[in-house]
Amino acid sequence: MFLAASVVVFAIYFANVALGAFADSAFLGDVGEMLVLLAASILFVVAILKKEADHKDKNGS
C-alpha cells in the first residue's frame, strides 16, 4: 500500500515537472514540489522498512 502511494505521489511530482518543462504550466510551486517529493520519499522509506520487517518475521531472524 505504501509503495503504491509512493508511486502515485511521485507520478504527481513527475507530471508537474514535465508540464513545467514542456508546457510552461506547472501546477505546483517550489514549496509544493518539495513537499510532494518529500512525501514520496517518506512513503517509499516506510514501504521498504515494512517489507524488511515482514521478511525478518517470516524468516525468524
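The values are calculated or read from the model by the stated rules, or taken from the named source; none is laboratory data. On a predicted model such as this, the values are computed, not experimentally measured, just so you know. Counting neighbours? That spans all protein chains shown, and the Cβs are built from the backbone with ideal geometry, glycine included. Accessible surface areas use protein heavy atoms only, side chains included; no ligands, DNA or RNA. Shrake-Rupley method; radii C 1.70, N 1.55, O 1.52, S 1.80 Å.
Per-structure values
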| read-out | value |
| --- | --- |
| In the stretch 1-42, chymotrypsin sites (Phe, Trp or Tyr not before Pro) in a DSSP loop with at most 13 other beta-carbon atoms within 10 Å | F27 |
| Under Karplus coefficients 6.51, -1.76 and 1.60, residue-wise ³J(HN,Hα) of the stretch 31-37 in Hz, glycine/proline x | 5, x, 4, 4, 5, 5, 5 |
| Surface per residue (accessible, 1.4 Å probe) for the chain, Å² | 76 Å² |
| Ellipsoid semi-axes in whole angstrom, largest first, where each is sqrt(5λ) of the Cα gyration tensor of the chain | 33, 10, 6 |
| Accessible surface of the chain, 1.4 Å probe, proportion on carbon and sulfur as whole % | 71 percent |
| Mean residue ellipticity (222 nm) of the chain, computed from DSSP H runs ≥ 4 via -39,500 (n - 2.57), nearest 500 | -27000 deg cm²/dmol |
| Net length gained if the chain between K56 and V31 were fully extended (0.36 nm per residue, minus Cα distance) | 5.3 nm |
| Degrees separating the helix 2-18 axis from the principal Cα axis of the chain, which is the longest one | 20 degrees |
